[in-house]
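So the structure is just underneath, and the comments pick up after that.
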Amino acid sequence: MPQLPTHRPRRNRKSQIIRDMVQETRLTTHDFIFPLFLIEGHSQQVEIHSMPGIFRFSADKLIDEVGRCVELGIQSFAPFPSINDGLKDRLARESANPEGLYLKTIAEIKRQFPDVVLMTDVAMDPYSSDGHDGVVDAESGEILNDATLEVLGQMALAQARAGADIIGPSDMMDGRVAWIRDVLDSNAFSHVSIMSYTAKYASAFYGPFRDALDSAPKKGDKKSYQMNPANRREALRELALDEAEGADMVMIKPALSYLDVIREVRDNTHLPVTAYNVSGEYAMVKAAAQNGWLDGEKTMMEVLTSIKRAGADAILTYFAKEAAEVLRRG
């Protein structure tokens, strides 16, 4: 007689109750940070063609959206501004204007919803006439690392003054975490956290986001500062630097194609690890679902679960609101 199995893992899968009992990874709304797109105007809610279900909001409508999300249990938000071209210059001066669209909206969100967590974006590209995350040398086209630090520090300070809870430097300049930490601490904002974009890759998955904000580079690309998608060990070098410079949390961006990097970082730090489920990853699922090729809801939850299973403590995701509705239904 053939030897029958001694070990039977299927016993732990034989009913829904047992499967739930031994489930290793669980999603909750506390895991989500919801990115939101901010535009000028009033009563504006414009759907982004390449991101079905995601909108650009004027400040009043964006605040309404925050309220709806809070009712669903989402408590953390990451607003990103679309700035009029007339306000852009090579030094991103509008980024530190306390009367500008972004900073006024941050302050108003915190006034109406003081308990929500706002993570703000520190990078020059939304405000730069060059569309880059750093200062561009007018003659050579080189991205000037150290000159950029000055701009980022003032941007971070202005956001902290407006009420930001977490500063998110997404620029990938060398030394920016230490620089921003020093600026914040020197101005009585030692309580404001830094979530560093530790491993931000030069990815093709950012296309819909750049469409939403009209923030693509006018010339060249971002490969001299964002990471090579082929590299994993390099993320550990960036991690070590961010930890030494005072980051409170670290991020990997994108998420779905970089699950190995999320796990590598998780295994090498005691800091909270976050991951950005980016616009292109969102758009792929939505496009496949609209064509009937995938069950969109089930795929969405599987994607988010995989990111958490890989080691992410929190996930920036455009699925946040939709996933919160699914979780509410149980």
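The values are calculated or read from the model by the stated rules, or taken from the named source; none is laboratory data. Predicted, not measured: the structure shown is a model, and the values here were computed from it. With ideal geometry, Cβ positions are generated from the backbone for all residues, glycine too; neighbour counts draw on all protein chains shown. These area figures cover heavy atoms from the full protein model, side chains too; ligands, DNA and RNA do not enter into them. Shrake-Rupley method; radii C 1.70, N 1.55, O 1.52, S 1.80 Å.
Among the residues of the stretch 17-37, write down those that are open to solvent by 100 Å² or more (accessible area, probe 1.4 Å) and not acidic (Asp, Glu).
Those that are open to solvent by 100 Å² or more (accessible area, probe 1.4 Å) and not acidic (Asp, Glu): 17, 21, 26, 30.
For the stretch 128-151, filtered to residues that are open to solvent by 50 Å² or more (accessible area, probe 1.4 Å) and of a type in the set (D, E, K, R), the residue that is farthest from residue 193 (Cα to Cα) is 139.
Let's see how each residue does on (1) in contact (Cβ under 8 Å) with a residue 24 or more places away in the chain; (2) part of a helix (DSSP H, G or I); (3) crowded, with 16+ Cβ neighbours inside 10 Å; (4) touching a Gly at 6+ places or on another chain (Cβ under 9 Å):
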{"site": "250", "(1), (2), (3), (4)": "yes, no, yes, no"}
{"site": "259", "(1), (2), (3), (4)": "yes, yes, yes, yes"}
{"site": "262", "(1), (2), (3), (4)": "yes, yes, yes, yes"}
{"site": "265", "(1), (2), (3), (4)": "yes, yes, yes, yes"}
{"site": "270", "(1), (2), (3), (4)": "no, no, no, no"}
{"site": "293", "(1), (2), (3), (4)": "no, no, no, no"}
{"site": "302", "(1), (2), (3), (4)": "no, yes, no, no"}
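Select from the stretch 222-236 the residues that are in contact (Cβ under 8 Å) with a residue 12 or more places away in the chain and of a type in the set (Gly, Ala, Ser) and write down the one among them that is least open to solvent (accessible area, probe 1.4 Å). It comes out as 235. Pairs meeting the criteria (first residue in the stretch 152-163 and open to solvent by 10 Å² or more (accessible area, probe 1.4 Å), second residue of a type in the set (D, E, K, R) and in a helix (DSSP H, G or I), beta carbons under 7 Å, at least 6 apart or on different chains) are 163/110. For the residues 114, 98, the requirement of being open to solvent by 10 Å² or more (accessible area, probe 1.4 Å), in contact (Cβ under 8 Å) with a residue 60 or more places away in the chain and out of contact with any Leu (no Cβ under 6 Å at 6 or more places or on another chain) singles out 98. Only a single item in (1) without any contact (Cβ under 8 Å) to a residue 40 or more places away in the chain; (2) touching a Gly at 6+ places or on another chain (Cβ under 9 Å); (3) open to solvent by 50 Å² or more (accessible area, probe 1.4 Å) is not met by residue 93, and it is number (2). Is it the case that the stretch 122-132 has a residue that's in contact (Cβ under 8 Å) with a residue 40 or more places away in the chain, in a helix (DSSP H, G or I) and more than 18 Å from the chain's Cα centre (by Cα)? No: the stretch 122-132 contains no residue that is in contact (Cβ under 8 Å) with a residue 40 or more places away in the chain, in a helix (DSSP H, G or I) and more than 18 Å from the chain's Cα centre (by Cα). For the stretch 304-330, filtering for residues that are assigned to a strand (DSSP E or B) and not aliphatic (A, V, I, L, M) leaves 1.
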